[in-house]
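Peer 1: Provided herewith is a single structure, encoded as structure tokens, for subsequent inquiry.
The values are calculated or read from the model by the stated rules, or taken from the named source; none is laboratory data. These numbers were taken from a predicted model, which means no experiment stands behind them. All Cβ positions, even for glycine, are placed from backbone atoms using ideal geometry, and neighbour counts span all protein chains on display. Remember, those area values only see protein heavy atoms, side chains included, never the ligands or the DNA or RNA. Shrake-Rupley method; radii C 1.70, N 1.55, O 1.52, S 1.80 Å.
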Amino acid sequence: MTYQPLIAEVHNQQHTLTAIVEQDERTAYFYIWPTDLFRSQYAVRGCWLRNLLPAPAQEDRAAMEQGIAPLLSAEFCRTLEAEPPLDPAGLQVLWEPSDDGAALWYYGQLLAVIPGWSLYQDKQVSFSAGCIKKNRLTAPLGSASTNDYYARAEHQRQFWRDWHDGNEWERVQLKLMESYQAHFGESVKYYAIDQGSWPPMAISQHWHQGAWYFLTLGMSIRPMPQVDYLFDELAPQYRRIELAMAVDGEVMTEGNAVQMASALAEFAHLPWARLTWLGEGHTLASEVAPVGFESFLLANALADDAAQFKLPKRDGDRPTLLWATPITEAERQFAQADELGGQQLAERLMAAGNNHIFRPRQQVVDSET
């Protein structure tokens, strides 16, 4: 019997990656492919699932040389005999909330995991239920008690069930709004910025002590891509954020302030749309920066004591609130010239008497002539 090579295909939320399952008369494999925009930046990641022929005693070099998906040799296989083909109807791909890794379930049983952080390094990393010993094609999936990635996959499956079946957004929304209103008063306007797709996201507008405040809701639902890879055990400190912006009401009308704050709506989607992350000292270009400015600096350090407060925890992590403030082209270049340039720019802004509330100000770096 001949089987169609492609038996499952599932895009992630932002359509930056595609998970597929391929099966022929010899083997079945699970892959994550970057879409065209990211194909030159990231490699395909693969995971052996099962042999549909008896496991060979030696490595299947002939298949590798022909560019065919190889059988896994016997010393690495849980089952030495030929396994039955996978039934496409039983396959379920669940993406990690960070949108860069995925787990493959088969009739309710976890079959394989390709962790998101593996996208950002050269070595292939994957875990398969049919594997009993690490090899070049995969590693053992084990159980929730022996493999953290198995436990994570189970937790993430429950995450998606909660969002599908429950009232998670109402709970997230309520906790964030309570926090924001405790510091900046009642919300005067509310803008949905999710374009009707998951996850729900919004911006709440407040008027407080002569300034317009704009704060995002919903970014912290998802951990950002890359952070687990870059920060490892410290990742919980960096992987969830919300964004904020404040504008002095004496120097900008409400309409102009709203236009400037619309940059947050774009920034809120950026980590997952570009498979990147946002953090302290990062800069982002924007067409709605005020006249004389070109970009925004993200910095929690800019906030004065009244704007320094803890956000509600999400899935055990404490999100960071990053304030966005307009910066000039010369300041952007200064921030990007050094790994710590963004933090140094924030220090210069504060030394010049600036904080998280935008007001007209002098440039704090010298322009190149």
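Peer 1: Could you tell me the relative contact order of the chain? Use alpha-carbon pairs under 8 Å, at least six residues apart, and round to a whole percent.
Peer 2: Numbers: 738 pairs, mean separation 36.4, N = 369.
Reported relative contact order: 10 percent.
Peer 1: Ignoring the sites themselves, what is the longest stretch of the chain with no GluC sites (Glu not before Pro) in a DSSP loop and at most 12 other beta-carbon atoms within 10 Å? Write down the numbers at each step before the final one.
Peer 2: Working: sites that count: 25, 81, 186, 250, 287, 339, 368.
Longest stretch, sites excluded: 82-185.
Peer 1: Give the longest segment of the chain that steers clear of trypsin sites (Lys or Arg not before Pro) in DSSP loops with at most 16 neighbouring Cβ atoms within 10 Å, not counting the sites themselves. Don't skip to the answer; put the middle values down first.
Peer 2: Numbers: sites that count: 26, 39, 78, 123, 133, 134, 136, 274, 310, 313, 361.
So the longest stretch without any such site is 137-273.
Peer 1: Report the relative contact order of the range 166-358, percent, no decimals, based on alpha-carbon pairs under 8 angstrom and at least 6 residues apart.
Peer 2: Details: 345 pairs, mean separation 36.9, N = 193.
The normalised contact order for the range 166-358 reaches 19 percent.
Peer 1: Give the long-range amide H neighbours of residue 77: residues separated by 5 or more places, or on another chain, with amide H under 5 Å away, using H modelled in the peptide plane at 1.01 Å from N.
Peer 2: 132
Peer 1: What's the magnitude of the charge dipole for the chain around its Cα centre, counting Lys and Arg as +1 and Asp and Glu as -1 at the beta-carbon? Answer in Debye, nearest 20. It would help to have the intermediate numbers written out before the result.
Peer 2: On the way: 28 positive and 47 negative charges, 130 e Å.
The dipole of the chain has a size of about 620 debye.
Peer 1: Are there chymotrypsin sites (Phe, Trp or Tyr not before Pro) in the range 1-65 that DSSP marks as loop and that have at most 16 other Cβ atoms within 10 Å, and which are they?
Peer 2: Counting only loop positions with at most 16 other Cβ atoms within 10 Å, the chymotrypsin sites (Phe, Trp or Tyr not before Pro) in the range 1-65 are 3.
Peer 1: A further question follows. Quick one: 3J(HN,Hα) in Hz for the range 87-97, Karplus 6.51/-1.76/1.60 with θ = phi - 60°, rounded, Gly and Pro as x.
Peer 2: Calculated HN-Hα couplings, in order: 8, x, 5, x, 8, 9, 9, 10, 6, 4, x Hz.
Peer 1: Then there is this: For the range 17-152, what is the convex hull volume of the alpha-carbon atoms per residue, in Å³? The partial results should precede the final answer.
Peer 2: Working: hull volume 15.7 nm³, N = 136.
Cα-based convex hull of the range 17-152, divided per residue, equals 115 Å³.
Peer 1: Now, a different point. Per residue of the chain, what 222 nm ellipticity follows from adding -39500 (n - 2.57) for every DSSP H run with n ≥ 4, rounded to the nearest 500?
Peer 2: Values: 9 runs with 81 residues, N = 369.
For the chain, the value works out to -6000 deg cm²/dmol.
Peer 1: Can you tally the net charge around residue 301? Count Lys and Arg as +1, Asp and Glu as -1, for every other residue whose Cβ sits under 10 Å from the Cβ of residue 301.
Peer 2: Working: positive: none; negative: 280, 347.
Net charge in that neighbourhood comes out at -2.
Peer 1: Can you bin the chain into rounded, prolate or oblate? Criterion: square roots of the alpha carbon gyration tensor eigenvalues sorted a ≥ b ≥ c, rounded for a/c under 1.5, prolate for a/b above b/c, oblate for the rest.
Peer 2: Numbers: a/c = 2.86, a/b = 2.16, b/c = 1.32.
Prolate, since a/c reaches 1.5 and a/b exceeds b/c.
Peer 1: Hey, another quick one. Ignoring ligands, DNA and RNA, what percent of the accessible area of the chain is carbon or sulfur (1.4 Å)? Before the final figure, lay out each step's value.
Peer 2: Working: 8620 of 17600 Å².
So the carbon and sulfur contribution to the accessible surface is 49 percent.
Peer 1: So which aspartates and glutamates pass the test for residue 310, namely a Cα distance under 15 Å, with those fewer than 8 places away in the same chain ruled out?
Peer 2: Excluding near neighbours in sequence, the set is 178, 242.
Peer 1: Next question. Take every Cα pair under 8 Å in the range 1-147 that's 6+ residues apart, average their separations, divide by the length, and report that relative contact order as a whole percent.
Peer 2: Numbers: 329 pairs, mean separation 26.4, N = 147.
About 18 percent, as a whole number.
Peer 1: Follow-up. Where a Cα-Cα gap under 19 Å defines reach, which lysines qualify for residue 133, not counting those fewer than 8 residues away within the same chain?
Peer 2: Within the straight-line cut-off, residue 133 pairs with 123.
Peer 1: How charged is the neighbourhood of residue 359? Take every other residue with its Cβ under 9 Å from the Cβ of residue 359, and add Lys/Arg as +1 and Asp/Glu as -1. All intermediate terms of the calculation are to be shown ahead of the outcome.
Peer 2: Values: positive: 361; negative: 248, 250.
Local net charge: -1.
Peer 1: Same structure, new question: Over the range 319-367, average the accessible area per residue using a 1.4 Å probe and give it in Å², no decimals. Walk me through the intermediate numbers first.
Peer 2: Values: 2390 Å² over 49 residues.
Each residue of the range 319-367 exposes 49 Å² on average to a 1.4 Å probe.
Peer 1: Would you list, by chain and number, the aspartates and glutamates whose Cα falls below 12 Å from the Cα of residue 189, excluding same-chain residues fewer than 8 positions away?
Peer 2: Output for residue 189: 254.
Peer 1: Let me ask you something else. What is the sum of charges, Lys and Arg at +1 and Asp and Glu at -1, for the other residues whose Cβ falls under 12 Å from the Cβ of residue 140? Please report the intermediate quantities before stating the final value.
Peer 2: Numbers: positive: 78, 133, 134; negative: none.
Net charge around residue 140: +3.
Peer 1: Have a look at the DSSP beta bridges in the range 6-163 and tell me what percent are antiparallel, nearest 5. Mind showing how you got there, number by number?
Peer 2: On the way: 31 of 33 bridges.
Rounded to the nearest five, the antiparallel share is 95 percent.
Peer 1: Using a Gaussian network model of the chain with C-alpha springs under 10 Å, which one of 301, 351, 69 is most mobile by mean-square fluctuation?
Peer 2: The residue with the greatest mean-square fluctuation here is 351.
Peer 1: Follow-up question, since we're still on this one. Mind checking the angle between helix 148-165 and the chain's longest principal axis? C-alpha axes, 0 to 90 degrees, to the nearest 10.
Peer 2: With both axes taken from Cα atoms, the answer is about 60 degrees.
Peer 1: Something else: Rounding to the nearest 10 and keeping the result within 0 to 90°, find how far the Cα-based axis of helix 341-351 lies from the longest principal axis of the chain.
Peer 2: 20 degrees
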